[in-house]
Amino acid sequence: MWETGESGCWHAFVLDDKFFSNLQQLDQESARQVAAAGCPWCGGPLDRSDYDRKPRGDRFIAATVKPPLRKISFCCRREGCRRRVTPPSVVFLGRRVYLGAVVIVASVLKLLQRTTACPATQVPATQVPVRTLRRWARWWQTELTVTALFATLRGLLASPVDEARLPCSLLARLAGGAVEQVTALLKLLAPLTTRSTADGARSLRGAGS
């Protein structure tokens, strides 16, 4: 997990077996609800049709842990439809090759490197290419902020979110330690990870962490 000192520096964050097990259980529960609802286009039954992923982010993954390599997905069984239905996910943040938790934590570390007085040695390198980090920063601060999901989140909070400090400003509103905060933020972002289910993230929003 990460720890924060008075200076706001974040030190170590490692994804372990317990963390991944929790996220995969949340994805499995969401998948069960999507499968039970049937095809959102024709109502036909859904067959499991997972596909391979090659997630990056070794810097944040414990050496003894094998990260999830399969994305849960379904395919409509009914002839004439056969459309793919992908449940929302807290493991994978859409089509990004990096795991969702890695996107969050690497973005936080990069923001701290720019906005705090911490010595560089206290904010570890993310090992994510600079261009990728810049692209994520644009997503957090421009693309995310114009979504209906963000408008809903902003409406639920008592005070404005500092968009220039996303995702830190959202994490700060979430209860628990670092692991709990990252898990909670992944659940909040889950509706953005699929376009094939109208409200498939409802199970994630109410699921325990």
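None of the figures in this text is laboratory data; all of them are computed from the coordinates on show. Since this is a predicted model, take the numbers as computed values, not measurements. Every residue, glycine as well, gets a Cβ built from its backbone with ideal geometry; the counts of neighbours run over all protein chains shown.
Quick check on the exposure proxy: order T147, T193 from fewest to most C-beta atoms within 10 angstrom. Please list the in-between numbers first.
On the way: T147 13, T193 26.
Least crowded to most crowded, the residues run T147, T193.
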Query raised in the report: For the residue pair R70 and L156, what label-to-label distance in nm results when each label sits 7 Å from Cα along the Cα-to-beta-carbon direction?
Result: 3.1 nm
Requested in this report: Evaluate E = 1/(1 + (r/R0)^6) for V130 and D58, where r is the Cβ-Cβ distance and R0 equals 22 Å; express this FRET efficiency to the nearest 0.05.
Outcome: 0.80
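Below 10 angstrom from the Cβ of C76, what's the summed charge of the other residues (Lys, Arg +1; Asp, Glu -1)?
Numbers: positive: R77, R78, R82, R83, R84; negative: D47, E79.
Summing Lys and Arg as +1 and Asp and Glu as -1 gives +3.
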Query raised in the report: With labels modelled as points extended 7 Å from the Cα through the Cβ direction, what inter-label distance (nm, one decimal) is found for D16 paired with S169?
Result: 3.3 nm
Report summary line: The long-range amide H neighbours of I61, using H built 1.01 Å from N in the peptide plane and a cut-off of under 5 Å, are L15
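Find the relative contact order for the range 17-202 and round it to a whole percent, using C-alpha pairs within less than 8 Å whose residues are 6+ positions apart.
Over the range 17-202, the number comes to 25 percent.
What is the Å³ per residue value for the convex hull set by the Cα atoms of the range 17-202? Please list the in-between numbers first.
Numbers: hull volume 24.7 nm³, N = 186.
Cα-based convex hull of the range 17-202, divided per residue, equals 133 Å³.
Quick one: plug the Kirkwood hydrodynamic radius of the range 24-109 (C-alpha pairs) into Stokes-Einstein at 20 °C, 1.002 mPa s, and report D in µm²/s. Each step should come with its number before you reach the end.
Details: Rh = 14.1 Å.
Diffusion coefficient, whole number: 152 µm²/s.
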Query - Whole-Hz ³J(HN,Hα) from phi, Karplus 6.51 cos²θ - 1.76 cosθ + 1.60, for the range 24-40, glycine and proline x - result: 5, 5, 5, 5, 5, 5, 4, 5, 4, 5, 5, 5, 5, 6, x, 4, x
**Report entry** For Y98, residues with placed amide H under 5 Å, excluding near neighbours
**Finding:** R56
